[in-house]
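S.K.: Sharing a structure here in structure tokens format.
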Amino acid sequence: MSRLNNLGFMQGRLSPAKANKIQFFPEKCWKREFYLANKIGLKNMEWTLDYKNLYKNPIFIKKGIREILHLSKKYKIKIKTLTGDCFMQKPFWRFSNSKKYIEDLKKIIKACGNLKIKYIIFPLVDNSSIKNKTEENKIILEFRKLNYILSLNSVKILFESNYSPKNLKRFIKRFDLKNFGINYDIGNSASLNYDPDAEFSYYGKYIKNIHVKDRIINGKTIRLGEGNANFEKIFKNIKKINYNKLLILQTARPLIKNKDFEELKINMDYIKNYFNER
């Protein structure tokens with residue numbers, strides 16, 4: 001079963017890295033990434049959003065929207081997903097003026113609707129990890145209020161969480177599953193030493209998007225195949241649930257400066273070979 005048409009990359013991975021920052025919206029290079037993605041043979045791009053200069057992002061600007069649609073068509077690159085690093089940078093449940101950040105989220109949902117972006121990845125990891133039941137309950141309460149606007153814009157929110165498999169199943173079942181689901185991050189699960197068999201058993205049917213990366217236990221992201229990720233188990237489970245959605249390369253940055261294209265190609269070829277072997 002070929003999944004090459006479902007392979008994509010995280011926006012920014014084809015642009016020079018910033019100091020001490022692996023992931024970001026590439027303000028100066030975002031247009032060129034369409035050309036490079038086409039050149040490397042990728043068919044999908046996951047858009048990224050930061051809180052810094054949020055409303056200067058092209059998805060909120062008429063000219064920017066026209067450029068995105070033009071470049072998508074010209075280079076045959078689809079944008080079906082958006083990862084909200086902005087939510088990790090400003091988790092609304094930790095602020096007294098949370099209403100402002102929820103209004104921002106609603107505007108992001110509408111912007112995604114305009115561009116036919118189907119999924120918003122909402123990280124509940126690192127700075128936005130859920131710390132206690134109070135935070136969890138506040139998150140659930142606010143997100144349940146979004147069902148109407150999500151349905152109206154044909155957008156779904158996918159949570160990326162560091163919860164254990166059992167807890168993540170419990171968490172996601174508290175939502176309307178027509179509008180919510182799970183983003184599975186291979187590298188984060190590897191870092192936490194979770195068993196893929198258990199993860200897919202508990203919540204595999206709720207997975208709507210997958211981030212492909214590799215990490216060492218409790219450590220950093222490294223080149224695919226060199227970390228703790230058990231790709232053998234993962235792809236057996238992907239096949240088992242008949243997963244036919246996106247696999248987004250969110251892979252390590254190169255060790256040599258300005259070799260971003262080459263590093264992504266190495267990681268892409270690793271996954272392509274894996275597909276071919278199976």
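The values are calculated or read from the model by the stated rules, or taken from the named source; none is laboratory data. The structure displayed is predicted, hence computed values, not measured ones. Cβ placement follows ideal geometry from the backbone for every residue including glycine, while neighbour counts extend to all protein chains displayed. Keep in mind that these areas ignore ligands, DNA and RNA; they rest on the heavy atoms of the full protein, side chains included. Shrake-Rupley method; radii C 1.70, N 1.55, O 1.52, S 1.80 Å.
S.K.: Figure the gain on full extension for LYS110 and LYS220 (residue separation times 0.36 nm, minus the Cα-Cα span) and round it to one decimal in nm. Don't skip to the end; give the middle numbers.
M.R.: Working: separation 110, 0.36 × 110 = 39.60 nm, distance 3.40 nm.
Difference between extended and current length: 36.2 nm.
S.K.: Rounded, prolate or oblate, given the Cα gyration tensor of region 1-80, with a/c below 1.5 counting as rounded?
M.R.: Numbers: a/c = 1.93, a/b = 1.28, b/c = 1.51.
Since a/c reaches 1.5 but b/c is at least a/b, the shape of region 1-80 is classed as oblate.
S.K.: Of all beta bridges DSSP finds with both residues in region 1-149, what is the antiparallel percent, to the nearest 5?
M.R.: So the antiparallel bridges in region 1-149 amount to around 10 percent.
S.K.: What are the equivalent ellipsoid semi-axes of the chain, built from the alpha-carbon gyration tensor (square roots of five times its eigenvalues), in whole angstrom, biggest first?
M.R.: Output for the chain: semi-axes of 26, 24, 18 Å.
S.K.: By how many nm would the segment from LEU177 to SER151 grow when fully extended, if each residue of separation counts as 0.36 nm and the alpha-carbon distance is taken off?
M.R.: Length difference between fully extended and current span is 8.2 nm.
S.K.: What is the log10 of I(q)/I(0) for region 44-157, computed with the Debye formula using one identical point scatterer on each Cα and no solvent, at q = 0.22 Å⁻¹?
M.R.: -1.32
S.K.: Over all directions, how big on average is the projection of the convex hull of the alpha-carbon atoms in region 127-223, in square nanometres?
M.R.: Mean orientational projected area (region 127-223, Cα hull): 6.6 nm².
S.K.: Further question on the same structure: If I ignore ligands, DNA and RNA and count only protein heavy atoms, how much of HIS70 is accessible to a 1.4 Å probe, in Å² to the nearest 10?
M.R.: 110
S.K.: Right, next: Would you mind computing, in nm to one decimal, how far apart the modelled labels at LYS265 and LEU4 are, each placed 7 Å from Cα along Cα→Cβ?
M.R.: 1.6
S.K.: Please work out the average accessible area per residue across region 126-278, using the 1.4 Å probe convention, and give it in Å². List each step's numbers first, then the result.
M.R.: Numbers: 7480 Å² over 153 residues.
Roughly 49 Å² per residue, with all protein chains present.
S.K.: Related question: How much of the DSSP beta bridge set in region 119-278 is antiparallel, as a percent to the nearest 5?
M.R.: 10
S.K.: Keeping every protein chain present and rolling a 1.4 Å probe, give me the accessible area per residue for region 1-122 in Å².
M.R.: Counting only protein heavy atoms, the per-residue value for region 1-122 is 50 Å².
S.K.: Let me ask another. List the trypsin sites (Lys or Arg not before Pro) within region 77-151 that fall in a DSSP loop (any state other than H, G, I, E or B) and whose Cβ has at most 13 other Cβ atoms within 10 Å. Walk me through the numbers on the way to the answer.
M.R.: Values: sites: LYS78, LYS80, ARG94, LYS99, LYS100, LYS106, LYS107, LYS110, LYS116, LYS118, LYS131, LYS133, LYS138, ARG144, LYS145; in loops: LYS116, LYS118, LYS131, LYS145.
When the trypsin sites (Lys or Arg not before Pro) of region 77-151 are filtered for loop state and at most 13 Cβ neighbours within 10 Å, LYS131, LYS145 remain.
S.K.: Have a look at the DSSP beta bridges in the chain and tell me what percent are antiparallel, nearest 5.
M.R.: For the chain, the DSSP antiparallel bridge percentage is about 10.
S.K.: Ignoring ligands, DNA and RNA, what percent of the accessible area of the chain is carbon or sulfur (1.4 Å)?
M.R.: Percent of accessible area from carbon and sulfur atoms in the chain: 50.
S.K.: Let me ask something else. Where in the chain is the longest stretch that carries no GluC sites (Glu not before Pro) classed as loop by DSSP and with at most 15 other Cβ atoms within 10 Å?
M.R.: Between exposed loop sites, the widest span is 28-225.
S.K.: Which residues does a label at LYS39 reach in region 234-255, if reach means a backbone N under 18 Å from a point 7 Å past the Cα toward the Cβ?
M.R.: Under 18 Å, as judged by backbone N against the label point of LYS39, lie 254 of region 234-255.
S.K.: How far, in nm, would the chain grow between ASN97 and SER164 when pulled straight, counting 0.36 nm per residue and subtracting the alpha carbon separation?
M.R.: Gain on extension, ASN97 to SER164, equals 21.1 nm.
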